[in-house]
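Okay, so here's the structure we're looking at.
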Amino acid sequence: MSNNKHLGFGLEWLDFEAISPFNMSFSPRSYESMPVNLRPTRLQRTVEHHPWIDLFPFPRLRDNLLLQGPEYDDTDICHDVVEIFDRPSEKTGLIVWGEPWIPYSWEVSADFLEKWVWVVKGCDELLQSTNYWRSRRGEPSIHF
């Protein structure tokens with residue numbers, strides 16, 4: 001919800017059929033007030049998509065999702081990102097340890113990585129932050 005606020009989105013994005021405001025009325029001047037990591041990529045401005053994709057502070061991750069098109073189950077990935085109730089480990093796929101618009105606040109779980117490696121391909125900041133948080137817990141580094 002914090003990144004939603006920083007993007008200037010309302011709660012309309014929660015609707016299943018919502019279309020990203022970046023595909024509609026935003027002008028480049030609107031981007032100046034956004035955190036740099038949340039500013040839309042060219043693909044976000046040109047490929048129609050649901051606004052949930054816009055909430056991640058990783059431009060490459062957002063583009064990876066858009067480049068995949070309808071070839072993946074967005075409901076499945078959404079559950080793997082945020083749902084913990086149907087997981088034996090009760091671990092979500094992405095964990096945010098600090099301010100959500102800052103890439104180094106994020107960690108990707110090994111389970112998420114195994115299933116969705118194409119989503120994080122080329123997301124060097126996410127790899128670095130993941131290994132930082134893992135090292136704080138004494139866990140070994142992982143590689144994408």
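A crude spin-label estimate for the pair Lys5 and Glu32, with each label 7 Å from Cα along the Cβ direction, gives 2.4 nm. Mind checking the angle between helix 59-68 and the chain's longest principal axis? C-alpha axes, 0 to 90 degrees, to the nearest 10. The angle comes out at about 80 degrees. Every helix of 4 or more DSSP H residues in the chain counts as -39500 (n - 2.57), and over all residues that averages to -10000 deg cm²/dmol at 222 nm.
Footprinting exposure proxy ranking of Arg60, Arg45, fewest other C-beta atoms within 10 angstrom first, gives Arg45, Arg60. In this rough spin-label picture, where each label sits 7 Å from Cα along the Cβ direction, the Ser105-Asn23 distance is 2.7 nm.
Over the chain, Cα pairs under 8 Å with separation of 6+ residues give a relative contact order of 19 percent. For the chain, the longest principal axis of the alpha carbon atoms and the long axis of helix 124-136 meet at an angle near 40°.
When Lys115, Lys121 are arranged by Cβ crowding within 10 Å, least crowded first, meaning fewest neighbours, the order is Lys121, Lys115.
Throughout, read-outs are computed from the coordinates displayed, never taken from laboratory work. These figures come from a predicted structure and were not determined experimentally. When we count neighbours, we look across all protein chains shown, and the Cβ atoms used for this are built from the backbone with ideal geometry, even at glycine.
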